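Shown next, in structure tokens, is the structure this report addresses.
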Amino acid sequence: MSNSALDGEIRDGCHLMPVRVYYEDTDFSGAVYHASYLRFMERGRTNYLRLLGADQRALFEEVQREAPGFAFVVRAMQIEFRKPARMDDVLVVVTQPQEVKGASITLHQRVMRGPDLLVEAHVQVAFVSDGRARRIPEALRNAMAADQEVTGRGE
């Protein structure tokens, strides 16, 4: 199996990543523990950026030259838990850019089980280089904005 299959896929401006629920993800009642959803969504954000970089290797090399050691860090998160998931469920984490600003990106994330929306979050991540927030390089901002246009969520 290729690494890209493990990372999910970008389709129609959304990153889709399957996750199977294991015993370690659940609480004493057998439902997925709330913090497990945070881990699932973190993997979705990380793999979205990994795939964006794989599709646009030159883009990430340019960003690395402009902002060495760059990273995205969570600045704020609004999350709503709607329905529980249980052990052995196969979930899909859907990640899409919602708003790209100077030094931050807001992502809309959903955890789905088939057609059922289980968890929904709006996550603001800040672009950081050399330990401080910095303006997102133009090339990366343009790539994220292109995803917004594909999904019709751009402003």
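The values are calculated or read from the model by the stated rules, or taken from the named source; none is laboratory data. Bear in mind the structure is a predicted one, so any value in this text is a computation, not a measurement. Accessible surface areas use protein heavy atoms only, side chains included; no ligands, DNA or RNA. Shrake-Rupley method; radii C 1.70, N 1.55, O 1.52, S 1.80 Å.
Rounded to two decimals, what is the ratio between the C-alpha radius of gyration of segment 1-144 and 2.2 N^0.38 Å?
Normalised by 2.2 N^0.38 Å, the Cα Rg of segment 1-144 equals 1.09.
Leaving ligands, DNA and RNA out of it, work out the accessible area of R20 with a 1.4 Å probe and give it in Å² to the nearest 10.
110
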